[in-house]
Amino acid sequence: MSLEHTENHEHGEAHEGMTRKKIWVVFAILLAVTVVEFIIALYLVPKGHMKIETANPVYILLTLFKAYYIVAFFMHLKFEKAGLIYSLVVPILFIIGLILVLTNESHHWVALFAR
């Protein structure tokens, strides 16, 4: 019984930073970013105040920002050890790089065969 008690206690110490107030702050930040995305999508782009070429990079940055907050706080990755974080983040960065390289390469092949 004492082993179960220490395991629960250790788990609680690892996630002490997530208080109720912090959860609501993170929720408010995610809500604000989502509202900005909706304003861009429903008002700025259709009315011509922002070009789609400008809106797409903004969407990507806002999405990456939201993904960071979701992974860091709601999936508790921010409270994990650095080794675990690097073992997850580094392969993801390599996969993103691979996707970018393959996207560029596919445009080359499409242009080559379109002649």
* Structure fact -> The number of residues in region 37-57 that are within 16 Å of the chain's Cα centre (by Cα) and surrounded by 10 or more Cβ atoms within 10 Å (Cβ to Cβ) is 2
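Do we find a residue being under 23 Å from Val89 (Cβ atoms) and without any contact (Cβ under 8 Å) to a residue 40 or more places away in the chain anywhere in region 36-49?
First, the residues of region 36-49 that are under 23 Å from Val89 (Cβ atoms): none.
No - not one qualifying residue is present in region 36-49.
Out of Ile99, Ile60, report the one residue that is surrounded by 10 or more Cβ atoms within 10 Å (Cβ to Cβ) and within 16 Å of the chain's Cα centre (by Cα).
Values: Ile99 fails: within 16 Å of the chain's Cα centre (by Cα).
Sole residue among the options that is surrounded by 10 or more Cβ atoms within 10 Å (Cβ to Cβ) and within 16 Å of the chain's Cα centre (by Cα): Ile60.
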* Asked: Has region 62-76 got at least one residue that is modelled with pLDDT under 80 and assigned to a loop (DSSP other than H, G, I, E, B)?
  -> yes
* Looking at Ile40, Ile96, Ile85, Ile92, which one is touching a Leu at 6+ places or on another chain (Cβ under 8 Å) and in a helix (DSSP H, G or I)? -> Ile85
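The values are calculated or read from the model by the stated rules, or taken from the named source; none is laboratory data. These figures come from a predicted structure and were not determined experimentally. Note that we place each Cβ from the backbone using ideal geometry, even for glycine, and neighbour counts take in every protein chain shown.
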